[in-house]
Ligand code: SF4
């Protein structure tokens, strides 16, 4: 299996007539994703590579089951589009758009929680379950995606879209395929963090280990470390931490609220320490990830 | 003058075809074609931006528009 | 994007928060005049984009206009945590009975705004949070429900404040939350919020931070406060090189050549994208390389943009070679970047083969990209060479 998406997941694209969205449609279809419709207000009746375009999400959801939506509309319209998807019963919303003020992201996330929906992103490249389906631009063209991603036992989560592909490519080259790769987005507030996706991987029998890509900023690694300890996760995790040089950059603190809410700022060194303390192996280089994963799996008797 | 990496050649026979010129201006995503009066002009400073999409070649009668990769010769 | 204290207070004043008489002084004469107008003892506070002014000696009290002018001259030159002063705020000195703290910010884990309130405000608030957690309340605010003052009331009451103090504080805290929402702030803070001897409350010091992505949306406010679009308000003022980097990025909407940051090494970096740049910069340093700059290219930049960035990096004194590296790309095109950097070298009067230490961008359109590099004799590698290894090859070529 995989998490979040598989062969039979039905997907729509909001903003389907946009330049990037047209590419995403073509490549999604040719990767085998069931893209059943698209939405661009005022463009009903057209089609994009055979995918019918509608004015409203409702026009599709009233006729068929829609599992997920990819939202790729300009930042100023994103909140509206996400609300539309959620209020029409769609449970998985991948938000590709970047530069959305976090107040609006928080509103999307709060509504999703209320309705039992899940948001991936914003500012992400989406989800890819090798040989099953892909939602979003992750991996690029279908033929390129087939080169970099291969079906297998590793769940991948990354705050950087580009590094998701780099890591999967490295895993594939080492003979370690992926169950699902998720580009979770790089913003301060995102729909799904590492720790929030862990239960899904935990419940997926095909996933045997996890690789994550991590960056300076935020508390997501601390949250993951806590989750792993509290839940006695069966999955070994290997993390790669980029941007270590940032620890030496002349930072500036202003105001006290951040510290009071979240404690002292997490430097990359702090993050690494926290993760190691929770049993997460931290790779110095991307190319060490496969061997570290295999060693961890061996240690726990996972095959 | 060609670009450093790309050259686009239009058969002189069709360079005066106003309808075709208009079409080429429309299809090219990086503005390599322009119209001077009724005559088609190649915008030299944009040549290297060509994304090799082939839309111009498809829009013109076979063999009349050529996109040349100078790094292949 | 950070506001100076005087700008934060101007924003607060528009919304009716209680503030003392005050004026911004740019010269000693301004300070003297302001002190005379306010009358009585004043406090002079250097306007810097950093905390820690008190400890740096950039805050002083004056009893009369002459002393205010003298203090102005003393505190204006003081650099606080690397930040220069843009002026001095002269404000009436108020007799304080008690100091409170109120802040609104984002809780990244709960993904909601949180109101922090304490009846033990002042410069040691972080210590208070650690040692007296019962005196610091944290109250989350829904982003969907209309905001009503009960959240403010609960935040204040949670620290044991009651009576007139509670009813007087509630509208102040509520107003701060409204300002936070209205302007897409990431931080709105009053510290201290002072109770005066006569029972009134007044904002003594305050800070706001506006979300970078919301600058355009609140352009009108920024214009009115006199904050110019080119003011980056970063940890240090941008260098000339960085300003030109931002210009390269703005010159063409196609693709990104973002976050150009100057360092003082000899190896120029044309790297991307966001995560890839962080990874590659670390790798170069790990190999003992000395980067001349940091940058994040991505989003499929035009040839023109890649070329302009290359020229900018090569124009920096001391840059011997450049390394062109990215993670496996799917949107950005290898051939387009290859054209841009080769052209940038040639237009800078340099031989691409000698100037480009390594080109490591695998992915979409790599076959065409590699043909270009081959023709110009540039060393390149595909995805079988890791980012780390590529960085190592570039560093190995330096200083020979
Ligand atoms: S191939 Fe595409 S980009 Fe190049 S000239 Fe033709 S239309 Fe323009």
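The values are calculated or read from the model by the stated rules, or taken from the named source; none is laboratory data. Only a predicted model underlies this, so the values are computations on that prediction, with no experimental measurement involved. Using ideal geometry, Cβ is built from the backbone for each residue, glycine included, and neighbour counts are taken over all protein chains shown.
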Can you tell me which residue within region C:212-227, out of those that are under 18 Å from residue C:10 (Cα atoms) and within 15 Å of the chain's Cα centre (by Cα), is farthest from the other protein chains (Cβ to nearest Cβ)?
C:227
Give, as residue ranges, the helices (runs of 4 or more DSSP H) completely inside region A:244-303 that count at least 1 residues that are modelled with pLDDT under 80 and either touching a strand residue (DSSP E or B) at 6+ places or on another chain (Cβ under 9 Å) or farther than 29 Å from residue C:391 by Cβ (or both).
A:257-262
Any idea which of (1) surrounded by 16 or more Cβ atoms within 10 Å (Cβ to Cβ); (2) farther than 30 Å from residue C:334 by Cβ is the one residue C:219 doesn't satisfy?
(1)
Please indicate, with yes or no, whether at least one residue in region C:167-189 is over 29 Å from the mean Cα position of the chain (by Cα), in the same structural domain as residue C:218 (by TED's automatic domain parsing) and crowded, with 19+ Cβ neighbours inside 10 Å.
yes
Give all pairs with beta carbons closer than 9 Å in which a residue from region B:51-72 that is within 13 Å of chain C (Cβ to nearest Cβ) and touching a residue at least 40 places away in the same chain (Cβ under 8 Å) meets a residue that is part of a helix (DSSP H, G or I) and near the ligand (Cβ under 9 Å from one of its atoms); count only pairs at least 6 apart in sequence or on separate chains.
B:67/B:56; B:67/B:57
Mind listing just one residue for me: the one in region B:29-50 that is away from chain C (no Cβ under 14 Å) and surrounded by 13 or more Cβ atoms within 10 Å (Cβ to Cβ) and, of those, farthest from the chain's Cα centre (by Cα)?
B:35
For region C:261-289, enumerate the residues that are farther than 15 Å from residue C:325 by Cα, more than 9 Å from chain A (Cβ to nearest Cβ) and touching a strand residue (DSSP E or B) at 6+ places or on another chain (Cβ under 6 Å).
C:262, C:263, C:265
Within 14 Å of another protein chain (Cβ to nearest Cβ) and over 25 Å from residue A:141 (Cβ atoms): does that describe residue A:85?
no
Assigned to a loop (DSSP other than H, G, I, E, B) and closer than 26 Å to residue A:161 by Cβ: is that true of residue C:254 in this structure?
yes
With respect to residue C:202, is the statement that it is part of a helix (DSSP H, G or I) and either closer than 25 Å to residue C:54 by Cβ or modelled with pLDDT of 95 or more (or both) true?
no
Residues of region C:228-255 being free of Cβ contacts under 8 Å to residues at least 60 places away in the same chain, within 14 Å of another protein chain (Cβ to nearest Cβ) and over 20 Å from residue C:316 (Cβ atoms), in sequence order, are C:252, C:253, C:254
Within region B:1-28, which residues are at pLDDT 90 or above, within 14 Å of chain C (Cβ to nearest Cβ) and either more than 14 Å from the ligand (Cβ to nearest atom) or surrounded by fewer than 20 Cβ atoms within 10 Å (Cβ to Cβ) (or both)?
B:4, B:7
Do any helices (runs of 4 or more DSSP H) lying entirely in region C:306-397 carry at least 2 residues that are within 14 Å of chain A (Cβ to nearest Cβ), modelled with pLDDT of 95 or more and crowded, with 23+ Cβ neighbours inside 10 Å, and which ones are they?
C:334-347, C:387-396
Hits in region A:163-200 (condition: in a helix (DSSP H, G or I) and under 24 Å from residue A:111 (Cα atoms)):
A:194, A:195, A:196, A:197, A:198, A:199, A:200
Can you tell me which residues in region B:29-42 are away from the ligand (no atom under 15 Å from the Cβ) and either out of contact with any helix residue (DSSP H, G or I) (no Cβ under 9 Å at 6 or more places or on another chain) or at positive phi (or both)?
B:36, B:37
Quick one: is residue C:155 modelled with pLDDT of 95 or more, part of a helix (DSSP H, G or I) and either within 12 Å of chain A (Cβ to nearest Cβ) or under 30 Å from residue C:167 (Cβ atoms) (or both)?
yes
Looking only at strands (runs of 3 or more DSSP E) that lie completely in region C:22-122, which have at least 3 residues being more than 30 Å from the chain's Cα centre (by Cα)?
C:96-107
Checked region B:45-73 for anything more than 12 Å from the ligand (Cβ to nearest atom) and more than 17 Å from residue C:372 (Cβ to Cβ); matches are B:45, B:61, B:62, B:63, B:64
